[in-house]
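To start, the structure under review is shown below, and the notes come after it.
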Amino acid sequence: MHFPAASPRREIFLVLLLMLFARELLAGDLVPVRFASVTNITSTPPIHGLSYAADLTGDGLPDIIGKGGQLIVYRQMSNLVFDAWSTNNIPQLLSTPREGLLMDANRDGWLDYLTIDYANNAFKCYTNRAGSFTLSQHLNTGSGPHHLALLDVTEDGISDLVLPIFNGRRINVYWGTGFGSFQPYNEYDVGNKPYSVATGDIDIDGNVDIIVVNSETNGSITILYGTAVHGFSAPITRPVPRYANSLAISDFDSNGFPDVAIAVQEPTGIVVLLTGHGRTIIQSNFFPVPLHPSNMLAADLNNDGALDLMPQPLSRAGAVVLLSHGDGTFTDPIALAHPSEFTLCAVEDLDLDGRIDLIGADSNTGVGAILRNTTMPKLAAVRTDSTLNLSWSASLGTHFKLEGSAGGFNSNEWNQVEAAISLNSNIFSIGLPITGSHRFFQLSERLSR
């Protein structure tokens with residue numbers, strides 16, 4: 001970034017240049033997303049998916065769980081460098097990325113692994129100690145358990161569990177004991193072939209609600225509104241397009257009420273139900289996507305405060321994203337550059353730079369891959385007599401170094417400009433002193449651990 005020395009003519013030119021610069025930076029509604037493929041993870045036996053990411057070994061760095069015939073924890077040794085840390089004999093699991101979850105089931109400070117044993121119609125809890133997992137519970141569920149979601153239905157501060165039973169037209173709710181196990185709490189009728197489930201306070205009454213996607217031929221969702229007596233209202237079923245299979249909950253239109261996004265296969269796309277006062281659905285929007293989505297992940301990929309959607313094609317290969325406008329609408333699907341046969345499995349800020357990275361695997365070869373988020377934030381520029389102020393959203397875990405020089409970008413004489421940098425309310429600001437001694441600036445990034 002180069003600024004000319006002060007003179008009346010150059011000052012006028014600089015102001016015009018900055019006006020054009022600011023207009024270009026602020027143009028458009030969305031920040032484009034960019035990813036770089038940086039890491040391959042190999043395993044024997046081949047993994048079916050790198051499905052979950054969190055700090056499992058207690059060193060402050062997010063690790064990855066890989067699934068196959070065994071459960072393998074890949075410990076992050078340094079910046080996006082992983083090593084197989086522990087191998088746990090866990091029966092063959094489904095390859096879908098949402099059949100399990102991580103939580104501290106026994107309140108010992110370590111994240112434990114909850115998962116479905118589909119072949120044996122069971123739910124299992126594996127407690128974690130420094131990256132090694134031990135089976136703490138095997139619980140029979142009924143025919144066809146699918147997917148998991150957490151809630152606190154008993155309001156005791158301990159997470160409970162809700163589980164759709166695909167062949168039973170019901171969901172099972174289990175209350176957490178806080179000691180690495182769950183006990184049956186209640187069963188609730190829903191639609192035919194319940195497949196996926198999510199929880200949230202849809203009607204903003206302070207009680208957690210349950211939303212179930214029923215993957216029957218004539219698609220539907222079932223909503224059970226939470227009550228103040230640790231229960232749920234009678235189920236309300238609403239039609240959606242055919243072969244619905246997964247969902248995400250967020251306030252997509254920024255009206256203060258959580259909305260529901262549902263992946264469907266006929267027609268192929270995502271249905272977004274926008275909610276409002278009185279448990280009403282005020283609008284239903286449809287966004288087509290390529291191929292048939294079989295699962296869907298959601299995360300804010302460009303740090304604009306809106307949740308973006310990533311449907312996973314039924315063919316398992318490919319990765320696309322629909323960026324949210326924040327008003328209930330989304331962009332057309334954007335294909336992400338990725339390795340061949342890449343299957344998107346999970347999202348997490350693996351390198352702690354404040355940007356959500358993508359985690360996937362090649363189900364044919366068993367090689368895992370990480371797509372590092374390299375999206376640059378949208379900037380705002382303000383010019384004063386002697387300073388150019390730049391600001392953008394930033395993560396508290398990211399540190400920058402600003403250096404100034406008078407000799408050009410090829411100069412060997414750079415002086416650090418510390419006082420010009422500030423971070424307030426997660427907004428990163430730089431004041432560039434436009435002087436004769438500092439006419440060139442460079443910004444480098446260093447990660448804090």
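Being at positive phi and surrounded by fewer than 18 Cβ atoms within 10 Å (Cβ to Cβ) narrows it down to one of Arg279, Arg242, Arg238, so name that one. Lay out the reasoning, then the answer.
Values: Arg242 fails: at positive phi; Arg238 fails: at positive phi.
Answer to the check: Arg279.
Within the range 331-352, count every residue that is at pLDDT 70 or above and either open to solvent by less than 10 Å² (accessible area, probe 1.4 Å) or hydrophobic (A, V, I, L, M, F, W, C) (or both).
Number satisfying all stated conditions: 11.
Within the range 106-142, which residues are open to solvent by 40 Å² or more (accessible area, probe 1.4 Å), of a type in the set (A, V, I, L, M, F, W, C) and either in a strand (DSSP E or B) or in contact with a His (Cβ under 9 Å, 6 or more places away or on another chain) (or both)?
Of everything in the range 106-142, just one residue is open to solvent by 40 Å² or more (accessible area, probe 1.4 Å), of a type in the set (A, V, I, L, M, F, W, C) and either in a strand (DSSP E or B) or in contact with a His (Cβ under 9 Å, 6 or more places away or on another chain) (or both), namely Leu135.
Can we say Gly200 is in contact (Cβ under 8 Å) with a residue 24 or more places away in the chain, of a type outside the set (Ser, Thr, Tyr) and touching a strand residue (DSSP E or B) at 6+ places or on another chain (Cβ under 7 Å)?
yes
Six or more apart or on different chains, Cβ atoms under 7 Å: show the pairs whose first residue is in the range 213-226 and over 12 Å from Pro241 (Cβ atoms) and in contact (Cβ under 8 Å) with a residue 60 or more places away in the chain and whose second is aliphatic (A, V, I, L, M) and surrounded by fewer than 23 Cβ atoms within 10 Å (Cβ to Cβ).
Gly226/Val208
Within the range 188-205, does at least one residue satisfy the condition of being part of a strand (DSSP E or B), over 30 Å from Gly109 (Cα atoms) and under 25 Å from the mean Cα position of the chain (by Cα)?
Checked the range 188-205: at least one residue is part of a strand (DSSP E or B), over 30 Å from Gly109 (Cα atoms) and under 25 Å from the mean Cα position of the chain (by Cα).
Are any of the residues in the range 225-233 in contact with a Pro (Cβ under 8 Å, 6 or more places away or on another chain), open to solvent by less than 20 Å² (accessible area, probe 1.4 Å) and not in a strand (DSSP E or B)? Break it down stepwise before answering.
Keep residues of the range 225-233 that are in contact with a Pro (Cβ under 8 Å, 6 or more places away or on another chain), which gives none.
Within the range 225-233, not a single residue is in contact with a Pro (Cβ under 8 Å, 6 or more places away or on another chain), open to solvent by less than 20 Å² (accessible area, probe 1.4 Å) and not in a strand (DSSP E or B).
Select from the range 109-129 the residues that are of a type in the set (Gly, Ala, Ser) and either under 15 Å from Ser181 (Cα atoms) or modelled with pLDDT of 90 or more (or both) and list them in ascending order.
Gly109, Ala122
Residue by residue through the range 38-59, note down the ones that are at pLDDT 70 or above and assigned to a loop (DSSP other than H, G, I, E, B).
Once the filter is applied, which keeps residues that are at pLDDT 70 or above and assigned to a loop (DSSP other than H, G, I, E, B), the range 38-59 yields Asp55, Leu56, Thr57, Gly58, Asp59.
Quick check: is even one residue across the range 60-80 touching a Gly at 6+ places or on another chain (Cβ under 7 Å), modelled with pLDDT of 85 or more and basic (Lys, Arg)?
Scanning the range 60-80 turns up at least one residue that is touching a Gly at 6+ places or on another chain (Cβ under 7 Å), modelled with pLDDT of 85 or more and basic (Lys, Arg).
Is it the case that Asp156 is within 17 Å of Ser181 (Cα to Cα), in contact (Cβ under 8 Å) with a residue 24 or more places away in the chain and charged (D, E, K, R)?
In short, no.
For the range 173-184, indicate whether the set of residues that are open to solvent by 30 Å² or more (accessible area, probe 1.4 Å) and either charged (D, E, K, R) or within 25 Å of the chain's Cα centre (by Cα) (or both) is non-empty.
no
For the range 204-224, give me each residue that is within 18 Å of Glu155 (Cα to Cα), of a type in the set (Asp, Glu) and open to solvent by 20 Å² or more (accessible area, probe 1.4 Å).
Across the range 204-224, the qualifying residue is only Asp205.
Taking only pairs six or more apart or across chains, which ones have beta-carbon atoms under 9 Å, a first residue in the range 282-296 that is of a type outside the set (A, V, I, L, M), and a second residue that is open to solvent by 70 Å² or more (accessible area, probe 1.4 Å) and part of a strand (DSSP E or B)?
Final answer for the pair search is Pro290/Ala335; His292/Glu266.
Kindly list, by first and then second residue, each pair from a residue in the range 233-262 that is farther than 14 Å from Ala299 by Cα and touching a residue at least 60 places away in the same chain (Cβ under 8 Å) to a residue that is open to solvent by 50 Å² or more (accessible area, probe 1.4 Å) and part of a loop (DSSP other than H, G, I, E, B), limited to pairs with Cβ atoms under 6 Å and residues at least 6 apart or on different chains.
Asp253/Asp327
For Gly276, which of the numbered conditions (1) farther than 21 Å from Asp308 by Cα; (2) without any contact (Cβ under 8 Å) to a residue 40 or more places away in the chain fails to hold?
Here Gly276 meets the rest and fails (1).
The values are calculated or read from the model by the stated rules, or taken from the named source; none is laboratory data. None of these values were measured; they are calculated from a predicted model. Neighbour counts run over all protein chains shown; Cβ positions are idealised from the backbone, glycine included. Keep in mind that these areas ignore ligands, DNA and RNA; they rest on the heavy atoms of the full protein, side chains included. Shrake-Rupley method; radii C 1.70, N 1.55, O 1.52, S 1.80 Å.
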